[in-house]
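Inspection log for the structure reproduced underneath, given as structure tokens.
The values are calculated or read from the model by the stated rules, or taken from the named source; none is laboratory data. Note that the structure is a prediction, hence the values are computed from the model and not measured. Cβ coordinates were reconstructed from backbone atoms using ideal geometry, including for glycine residues, and neighbour counts include every protein chain displayed.
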Amino acid sequence: MKTAFENGFGSGMAAAGKAKVEPSGPPSGVYFEWNEANQTADMIAAIPVPMAAKSKLKGVELYESPASKALVIDYYGGYGGMMAPHMALDEHIKAQGLTHHTNATKSTSPTPWPNRTAASGSPGSSTW
């Protein structure tokens, strides 16, 4: 997934910069499916942009995410500790019949970096 994040974030930021579009949030991973057994995911690595920017962005694939309510966990800590909050949220998501979306930002700082895990009936309002 490291390559998917690097390519997605790199091309997304390049396209936004070229179009002079300001991102509307942090780089995010949007997961449509996670295969625990195979450790694989159907996901996109994306840069959220305002809905009005769609016509300015050329040569990139856009994913539109309509408005919705969401569950959110803001986790601050090392990468190795992220599994417990993800699994707890995943159990709740399955019980409620929701979908799962997350953004993970790794920092080179020795202090913990933020990781926001969100789940919604339909994704939040933005274009990715």
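Screening Ala88, Ala70 for residues that are out of contact with any Asp or Glu (no Cβ under 7 Å at 6 or more places or on another chain) and modelled with pLDDT of 85 or more leaves exactly one candidate, Ala88.
State all residues of region 14-39 that are polar (S, T, N, Q) and within 12 Å of Ala4 (Cα to Cα); if no residue qualifies, say none. Once the filter is applied, which keeps residues that are polar (S, T, N, Q) and within 12 Å of Ala4 (Cα to Cα), region 14-39 yields only Ser28.
Scanning region 1-55 for residues that are at pLDDT below 85, of a type in the set (D, E, K, R) and part of a loop (DSSP other than H, G, I, E, B) returns a single hit, Glu36. Scanning region 16-51 for residues that are more than 24 Å from Ala67 (Cα to Cα) and small (Gly, Ala, Ser) turns up Gly17, Ala19, Ala37. One residue stands out among those in region 69-84 that are of a type in the set (Gly, Ala, Ser) and in contact with a Pro (Cβ under 8 Å, 6 or more places away or on another chain): the one that is surrounded by the fewest Cβ atoms within 10 Å (Cβ to Cβ), which is Gly78. For region 16-68, taking the residues that are among the polar types (S, T, N, Q) and loosely packed, with under 13 Cβ neighbours inside 10 Å, the one that is farthest from His86 (Cα to Cα) is identified as Ser55.
The conditions of being part of a strand (DSSP E or B) and touching a helix residue (DSSP H, G or I) at 6+ places or on another chain (Cβ under 6 Å) are met by Tyr75.
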